[in-house]
1. Taking segment 35-69 as the region of interest, how many residues are under 11 Å from residue 109 (Cα atoms) and either among the hydrophobic types (A, V, I, L, M, F, W, C) or outside the structural domain of residue 87 (by TED's automatic domain parsing) (or both)?
2. State all residues of segment 165-188 that are more than 40 Å from the chain's Cα centre (by Cα) and at positive phi; if no residue qualifies, say none.
3. Restricting the search to segment 72-85, which residues are more than 20 Å from residue 31 (Cβ to Cβ) and assigned to a strand (DSSP E or B)?
4. Of all residues being exposed (fewer than 14 other Cβ atoms within 10 Å of the Cβ) and more than 37 Å from the chain's Cα centre (by Cα) in segment 18-57, which is farthest from residue 101 (Cα to Cα)? Just the residue, please.
5. Could you pull out the residue among 207, 161 that is in contact with a strand residue (DSSP E or B) (Cβ under 8 Å, 6 or more places away or on another chain) and over 14 Å from residue 138 (Cα atoms)?
Amino acid sequence: MKLLTIFGLLLLIESAFAGNIRTIQVSSKEMRTIHLKLGQSTVLRFRETPKKVVVGNQNYFNVEFIGNDITIQPQGPVKTNLFVYGEYHTFGFILKAGNYNQYDDLVNVLWKSSKMKRKKRVNLSVKTIKRSIKLKSKLTCYLEKVTELKPKFYVLDFRLFNEGKKIISINDVDLFLTRSKIKLPKQRLIFSSQRIEKNLGIKGRIFFNLKKKEGFSLQLFNKDDVKKTIISRKFL
């Protein structure tokens with residue numbers, strides 16, 4: 001019985017002074033602590049090949065490369081930092097060296113990927129408009145659709161077609177949106193071309209903001225030739 005007790009005590013003493021074998025995860029936002037013991041070597045084992053190390057106080061540590069492993073042997077009771085540059089990541093550690101009973105023999109190092117928040121998919125609201133405006137100058141605007149790109153921000157798609165016998169310069173053309181005879185703020189008008197050849201057309205878009213989902217008017221100008229149409233709330 002005494003022999004068993006002594007044997008058990010010896011096992012407890014041996015385990016108390018044994019090194020740890022553990023697995024840790026390292027990320028770009030966290031430095032992990034490695035416990036080193038004087039007179040002992042500690043192995044850091046990586047899944048990618050270490051290329052270079054930077055030790056804060058390199059005079060007190062002996063570092064060697066063996067494949068995907070790095071061995072570290074402390075030369076004094078010092079605390080410092082260690083950066084390991086791998087093929088794909090940079091690992092950061094805090095080294096604590098001393099006469100510790102519990103120290104690290106082997107540390108398996110894994111990279112902890114930061115979870116990217118998935119952006120919520122936005123369902124665009126698209127309303128088709130089958131309407132046209134025709135000026136006396138033979139310029140016709142065909143309204144196609146209104147798309148809500150994000151809350152309160154829209155784009156109106158249209159086509160301009162020249163049914164006349166002369167080329168129309170975009171410098172003579174203007175389109176804008178109004179409500180109660182007041183021009184809507186923050187409008188942006190773009191065209192696919194700077195002129196409209198005879199019997200041909202171009203595309204255009206108007207980007208605009210709406211604080212309220214209420215109808216508005218589209219004004220079409222070609223020099224002194226003017227016409228408008230109403231786009232009701234059902235197209236928003």
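1. Our first condition is that a residue be under 11 Å from residue 109 (Cα atoms); within segment 35-69, this holds for 43-48, 68-69.
Next cut, either among the hydrophobic types (A, V, I, L, M, F, W, C) or outside the structural domain of residue 87 (by TED's automatic domain parsing) (or both) only: 43-44, 46.
Within segment 35-69, residues that are under 11 Å from residue 109 (Cα atoms) and either among the hydrophobic types (A, V, I, L, M, F, W, C) or outside the structural domain of residue 87 (by TED's automatic domain parsing) (or both) number 3.
2. 180, 181
3. Step one: of segment 72-85, the residues more than 20 Å from residue 31 (Cβ to Cβ) are 73, 75-76.
Passing the criteria: only 73.
4. Checked segment 18-57; the qualifying residue farthest from residue 101 (Cα to Cα) is 39.
5. Testing whether each residue is in contact with a strand residue (DSSP E or B) (Cβ under 8 Å, 6 or more places away or on another chain) and over 14 Å from residue 138 (Cα atoms) leaves just 207.
The values are calculated or read from the model by the stated rules, or taken from the named source; none is laboratory data. The structure displayed is predicted, hence computed values, not measured ones. When we count neighbours, we look across all protein chains shown, and the Cβ atoms used for this are built from the backbone with ideal geometry, even at glycine.
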